[in-house]
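The values are calculated or read from the model by the stated rules, or taken from the named source; none is laboratory data. Quick caveat, the model's predicted, so the values are computed rather than measured. For neighbour counting, all protein chains shown are included, and Cβ atoms are generated from backbone atoms with ideal geometry for every residue, glycine included.
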Amino acid sequence: MSEQIPLVDYLVLDDGGPYLVAHECAGCGARFFDRRNACAGCGGTEFQTVRVATEGEVRAFTIVSLAAPGIPVPFVASVVDCDGTSVRANVVNVDPAPEHVRLGMKVRLVTVPVGVDGGGVEAVGFGFEPVDAPSGSEGGR
Amino acid sequence: MAADDVWILGIHMTKFGKHPERDTVDLATEATMRALADAGVSMRDIGVLAAGNLWGGPAPIGQQLQKQVGQTGIPVYNVSNACATGATALRTAIMALKAGECDLGLAVGVEKLAGAGLLAGANRKADEDESWTPRGRFGAVAPIDGRIGTETMPGVFAQIGMEYGHRYGGTSFELFARISEKNHAHSTLNPLAAYSKRFTLEEIMGDVMIAYPNTRPMCSANCDGAAAAVVVTDRKLRTMDPDQRRRAVKVAASVLTTDPWEEACQVLPNVNTLTRNAAQQAYETAGVAPEDLDLVELHDCFATAELVHYDNLMLCAPGEAVPFFESGATWRDGATPVNVSGGLQSKGHPIAATGIANIWEVCHHLRGEAGDRQIPDAKVGLAHVIGLGSACGVHILEKAA
């Protein structure tokens with residue numbers, strides 16, 4: 001397998017991945033995907049790195065038809081509730097039409113190829129696919 | 001109430017739309033000169049200026065405006081608070097009056113946005129390097145907007161409306177489109193609106209989809225425009241002539257809030273809690289209940305946003321925004337007319353001007369000067385804006401007794 005790099009640093013590909021990690025406040029349990037100096041919820045300054053559940057349900061979505069250059073449209077943007085942690089992600093491996101995406105739909109984390117750089121390193125992103133989609137499928141778009 | 005009350009003495013909004021021959025300073029100047037004339041005072045009388053402009057470039061708009069209309073040496077506050085910038089400017093001037101610094105203040109908001117296209121969150125350009133290099137707070141090797149959800153405004157606010165539907169039920173593409181149908185219908189009576197064309201429901205639903213369920217006419221219109229307000233202390237107003245006193249509108253509440261931390265608020269902006277908090281404070285300060293409002297101008301940057309703010313502003317019982325809208329309450333002949341100006345979907349949304357333009361609309365009705373779109377016998381109104389990030393401004397205005 002060629003060398004891979006995650007699209008963002010909170011996506012873990014090795015060590016039994018893929019899964020997402022968050023900085024969790026030791027005081028109140030609030031979770032953040034980027035670093036915090038103090039917790040926005042309680043002011044605590046102790047954080048630990050935790051794994052985020054890889055399955056969840058779609059709490060909100062939109063189907064974006066007009067996006068930044070280089071982003072294929074339409075695509076499904078969503079907020080997924082992963083066992084109490086909200087995650088922003090695209091819903092992939094689904095027909096991007098209102099009749100195929102439901103609020104409350106059960107989804108699971110999958111990886112999505114982003115591209116390969118000059119050194120042959122593949123950037124890998126993530127999305128969530130419906131749990132009733134064919135297992136192990138990859139490549140949302 | 002009395003001694004520390006602040007009043008709107010004069011106010012103006014320019015025509016919203018395309019002003020290709022005029023720059024940001026020209027538009028701010030028109031709003032300022034007309035607001036001063038409306039107030040019956042001059043720049044020499046003004047003790048503080050608060051000004052906002054987000055997209056005009058690095059030179060501070062307040063000082064540029066002074067060079068155009070009068071450099072009197074007064075303190076200038078250039079404010080920036082996303083779509084709540086205008087309301088923040090107004091509140092800054094009000095705070096200076098309440099602090100006893102001066103008796104007359106001026107707040108101005110201006111934007112030139114015609115043709116700006118789709119507005120999204122900050123995003124760096126695609127990596128042109130030979131190798132993937134993690135950058136920024138998420139260590140991202142490529143732009144994440146569109147790859148990890150969406151940061152486009154129509155998409156963010158679409159999800160906010162969908163989330164409400166998920167929680168309470170009853171929403172649909174058609175329901176959101178009907179909110180837009182109402183605002184476009186209202187706009188036909190507003191000669192200052194950027195767009196004043198009535199659309200059928202079929203036209204709205206059949207238009208270009210931007211971010212489901214928001215089609216193009218369900219999105220706020222980028223346009224050029226400015227608005228300005230002159231505020232005065234109660235003490236000073238008492239010394240003014242009867243006509244100025246009769247037309248003055250009382251600022252019964254001026255509130256600004258930000259979003260308190262809640263789970264998910266940094267993933268999808270939570271525009272609900274800070275609006276509810278602002279509304280609660282405003283109603284308490286003004287001694288007014290939602291059912292007392294004769295009209296409401298709320299931040300319908302997208303049709304999906306208007307629905308959630310019925311609930312957030314407590315115009316209906318919690319979770320009841322859908323039946324509230326379906327009752328017809330928010331049409332101009334309903335129990336609580338909302339966005340009789342046409343709202344941002346038709347009037348337009350020159351960002352920093354919006355939070356003063358909605359005050360102008362309410363004042364216009366309270367003064368009985370709204371012409372064809374006058375809400376009869378209007379005595380109390382509410383103006384609301386949301387700036388993503390987030391900031392919420394709520395003002396409650398009352399007709400002079």
How many of the residues making up segment B:83-100 are out of contact with any Ser or Thr (no Cβ under 9 Å at 6 or more places or on another chain), in a helix (DSSP H, G or I) and among the small types (Gly, Ala, Ser)? 3
Please pick out the residue among A:GLY119, A:GLY41 that is at the interface with chain B (Cβ under 7 Å from one of its Cβ atoms) and exposed (fewer than 15 other Cβ atoms within 10 Å of the Cβ). A:GLY119
Mind checking which residues of segment B:194-208 are free of Cβ contacts under 8 Å to residues at least 12 places away in the same chain and in contact with a helix residue (DSSP H, G or I) (Cβ under 8 Å, 6 or more places away or on another chain)? B:ASP207, B:VAL208
Please indicate, with yes or no, whether at least one residue in segment B:189-203 is assigned to a strand (DSSP E or B) and either over 20 Å from the mean Cα position of the chain (by Cα) or modelled with pLDDT of 95 or more (or both). no
Of everything in segment B:250-269, what is away from every other protein chain (no Cβ under 14 Å) and farther than 18 Å from B:GLY393 by Cα? Give them in sequence order. none
If you check A:CYS82 against the conditions, is it buried (at least 18 other Cβ atoms within 10 Å of the Cβ), facing chain B (nearest Cβ under 9 Å) and at pLDDT 95 or above? no
So A:GLY27, is it more than 9 Å from every other protein chain (Cβ to nearest Cβ) and either farther than 18 Å from B:CYS265 by Cβ or at pLDDT below 95 (or both): no
Could you tell me whether B:GLY52 is at pLDDT 95 or above and either farther than 21 Å from B:LYS250 by Cα or basic (Lys, Arg) (or both)? yes
For B:VAL296, only one of the following conditions fails: (1) surrounded by 18 or more Cβ atoms within 10 Å (Cβ to Cβ); (2) more than 14 Å from chain A (Cβ to nearest Cβ); (3) in contact with a helix residue (DSSP H, G or I) (Cβ under 8 Å, 6 or more places away or on another chain). What is its number? (3)
All-but-one check, A:ILE71 against (1) within 8 Å of chain B (Cβ to nearest Cβ); (2) more than 15 Å from A:PRO130 (Cβ to Cβ); (3) crowded, with 16+ Cβ neighbours inside 10 Å; (4) in contact with a Phe, Trp or Tyr (Cβ under 9 Å, 6 or more places away or on another chain), failing number (4)
So which of B:ILE148, B:ILE179, B:ILE160, B:ILE210 is of a type outside the set (Phe, Trp, Tyr) and more than 8 Å from every other protein chain (Cβ to nearest Cβ)? B:ILE179
Could you tell me which numbered condition A:PHE32 fails, if it satisfies all but one of (1) in contact with a Gly (Cβ under 8 Å, 6 or more places away or on another chain); (2) under 22 Å from B:ALA142 (Cβ atoms)? (1)
Could you tell me which residue of segment B:306-357 is surrounded by the most Cβ atoms within 10 Å (Cβ to Cβ), considering only residues that are acidic (Asp, Glu) and not in a helix (DSSP H, G or I)? B:GLU320
Grab the strands (runs of 3 or more DSSP E) fully contained in segment A:20-122, keeping just those with 3 or more residues being over 30 Å from B:GLU174 (Cβ atoms). A:47-52, A:106-116
For the condition buried (at least 17 other Cβ atoms within 10 Å of the Cβ) and free of Cβ contacts under 8 Å to residues at least 24 places away in the same chain, what is the one hit in A:PHE32, A:PHE47? A:PHE32
As an exercise: evaluate B:THR152 against (1) surrounded by fewer than 24 Cβ atoms within 10 Å (Cβ to Cβ); (2) closer than 30 Å to B:TRP360 by Cα; (3) modelled with pLDDT under 95 and give the number of the one condition it does not meet. (1)
If you go through A:ARG36, A:ARG88, the only one that is of a type outside the set (A, V, I, L, M) and more than 8 Å from every other protein chain (Cβ to nearest Cβ) is A:ARG36
Sort out which residues of segment B:358-376 are in a loop (DSSP other than H, G, I, E, B) and farther than 18 Å from B:SER196 by Cβ, and write them in order of number. B:ARG367, B:GLY368, B:GLU369, B:PRO376
